[in-house]
1. Can you find a residue in the stretch 39-61 that is of a type in the set (A, V, I, L, M, F, W, C) and loosely packed, with under 14 Cβ neighbours inside 10 Å?
2. Out of all the residues in the stretch 14-71, which are in contact with a Pro (Cβ under 7 Å, 6 or more places away or on another chain), aliphatic (A, V, I, L, M) and without any contact (Cβ under 8 Å) to a residue 40 or more places away in the chain?
3. Give the stretch 48-67 a look and list any residue that's farther than 16 Å from Asp25 by Cα and touching an Asp or Glu at 6+ places or on another chain (Cβ under 9 Å), or say none.
4. Among the residues of the stretch 48-84, write down those that are of a type in the set (Lys, Arg) and within 10 Å of the chain's Cα centre (by Cα).
5. Hey, can you tell me all the residues within the stretch 72-84 that are in a loop (DSSP other than H, G, I, E, B) and without any contact (Cβ under 8 Å) to a residue 60 or more places away in the chain?
6. Can you find, within the stretch 4-45, the residue that is farthest from Asp79 (Cα to Cα) among those that are hydroxyl-bearing (Ser, Thr, Tyr) and modelled with pLDDT under 95?
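The values are calculated or read from the model by the stated rules, or taken from the named source; none is laboratory data. Fair warning: this is a prediction, and the values are worked out from it, not measured in the lab. Because the Cβ atoms are built from the backbone with ideal geometry, glycine has one as well, and the counts that use them run over all protein chains shown.
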Amino acid sequence: MATRSPRKEQESTAREPNRIRQLRDEHELRPAFVAATVGVDQTTLQRWERGKTEPSTEHMRRLAALFDVGVPYLMGWADRRRAA
């Protein structure tokens with residue numbers, strides 16, 4: 001009987017590093033549009049979505065404005081879309 005590797009289990013239950021991809025999908029926006037609107041190339045956007053790198057503060061603000069959410073929600077630091 002095969003057992004699951006603890007590492008595999010951690011990977012499958014890990015939380016998304018941020019909500020950029022989720023919000024892009026909710027708004028039905030193409031990666032090329034989001035990248036151009038924010039002022040980066042698609043490779044940079046993909047790195048942000050995968051949690052490989054983080055956007056600068058200015059890029060976080062631009063993304064938050066595009067998706068009409070607060071930066072803390074965008075980055076997965078808060079559960080409320082907007083500050084109260």
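1. no
2. Scanning the stretch 14-71 gives a single hit, Leu45.
3. Listed by number, the residues that qualify are Gly51, Met60.
4. Residue satisfying the conditions is Arg50 alone.
5. First pass over the stretch 72-84, keeping only residues in a loop (DSSP other than H, G, I, E, B): 75-84.
Met75, Trp77, Ala78, Asp79, Arg80, Arg81, Arg82, Ala83, Ala84, listed by residue number.
6. Of the residues in the stretch 4-45, the ones hydroxyl-bearing (Ser, Thr, Tyr) are 5, 12-13, 37, 43-44.
Still in the running and modelled with pLDDT under 95: 5, 12-13.
On the way: Ser5: 30, Ser12: 21, Thr13: 18 Å.
It comes out as Ser5.
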